[in-house]
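Please read the structure below before turning to the comments.
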Amino acid sequence: MDTLTAITTRRSIRNYTGEELDIGLIKELLQYALYAPSAHNQQSWKYYIVSKKEDRKFLSEVMEFWKMLPNAWWAVIACFDKDKVRSMEFVPQDMWASIQSFLLAAHEKWIGSVWLGLYPHEVEMKKIAEHFNFAENVVPFAIISLWKWVWELPEKTLKDEWKIEVL
Ligand SMILES: Cc1cc2nc3c(=O)[nH]c(=O)nc-3n(C[C@H](O)[C@H](O)[C@H](O)COP(=O)(O)O)c2cc1C
């Protein structure tokens, strides 16, 4: 899949098959998240693969729109490491870039994913950090659920025509 096709055909996938997804592949795909641009090249991201169904069930109850998680094969918790951060104000942008790289890499392998927003909900971020016993410097930022998907590309309509202008 070329880059432009990947960008235009990536979708949040919530229709999935029950087929098994190899954890080795998820680990491999996470390598691509590490290549994203970041402020000062700080690369403060840290990824955890949630392998246990009971943990995905716990996560599914943290936020209202995360109900799909118990059905996912894997979930990934995208975190940042405060000890690696040089500019905290840029961390959300770094994380978004890295997560998007991961989503596109997953799509390249036709793995369905949904990005589940967590940051800046501090109470829920803390709840997740405590559940997984993360060290104090590790801050959960977003969740990504992963599975093999039903191969029908959901339609995507762009909302406005005036989003790009020349000044
Ligand atoms: C910051 C962020 C938070 C999101 N949170 C959720 C979520 O909690 N639950 C969910 O089902 N989808 C979530 N999504 C996915 C969006 O609903 C989805 O990207 C949007 O509807 C556009 O569809 P597409 O990804 O297929 O282009 C989130 C996406 C982003 C970027």
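No value in this document is a laboratory result; all are computed from the given coordinates. The model shown is predicted, which means the values in this text are computed figures rather than measured ones. With ideal geometry, Cβ positions are generated from the backbone for all residues, glycine too; neighbour counts draw on all protein chains shown.
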*asked:* Could you derive backbone 3J(HN,Hα) for the stretch 56-73 from the dihedral phi with the Karplus parameters 6.51, -1.76 and 1.60 (θ = phi - 60°), listing whole Hz in sequence and x where the residue is Gly or Pro?
replied: 5, 5, 4, 4, 4, 9, 6, 10, 4, 9, 10, 5, 6, 4, x, 8, 6, 6
_Cα-centred dipole magnitude for the chain, charges only on beta-carbon of K, R (+1) and D, E (-1), debye, nearest 20_ = 200 debye
*Backbone HN-Hα couplings from phi across the stretch 86-96 [Karplus 6.51/-1.76/1.60, Hz, Gly and Pro as x]*: 9, 10, 4, 5, 9, 4, x, 5, 4, 5, 4
_Set of lysines near K52 by C-alpha distance (under 21 Å), chain-local residues within fewer than 8 positions excluded_ = K27, K67, K126, K127, K148
_For the stretch 14-19, 3J(HN,Hα) per residue [Karplus equation, 6.51 cos²θ - 1.76 cosθ + 1.60, θ = phi - 60°, Hz, x = Gly/Pro]_ = 10, 9, 9, 8, x, 5
*Please give the calculated 222 nm ellipticity per residue for the chain, where each DSSP H segment of at least 4 residues contributes -39500 (n - 2.57) and the sum is spread over every residue; nearest 500 deg cm²/dmol?*
-9500 deg cm²/dmol
*asked:* Please compute the Kirkwood hydrodynamic radius of the stretch 3-148 from all pairs of different C-alpha atoms, in Å with one decimal.
replied: 15.4 Å
*Where nothing but the Cβ of Lys and Arg (+1) and of Asp and Glu (-1) is charged, how large is the charge dipole of the stretch 70-167 around its Cα centre, in debye to the nearest 20?*
240 debye
*Given H placed on each backbone N at 1.01 Å, which residues far from W149 in sequence or on other chains put an amide H within less than 5 Å of it?*
T17, G112
*Of V50, A106, Y32, whose Cα points farthest to the positive end of the dipole of the stretch 3-148 (charges on the beta-carbon: +1 Lys, Arg; -1 Asp, Glu; origin at the Cα centre)?*
A106
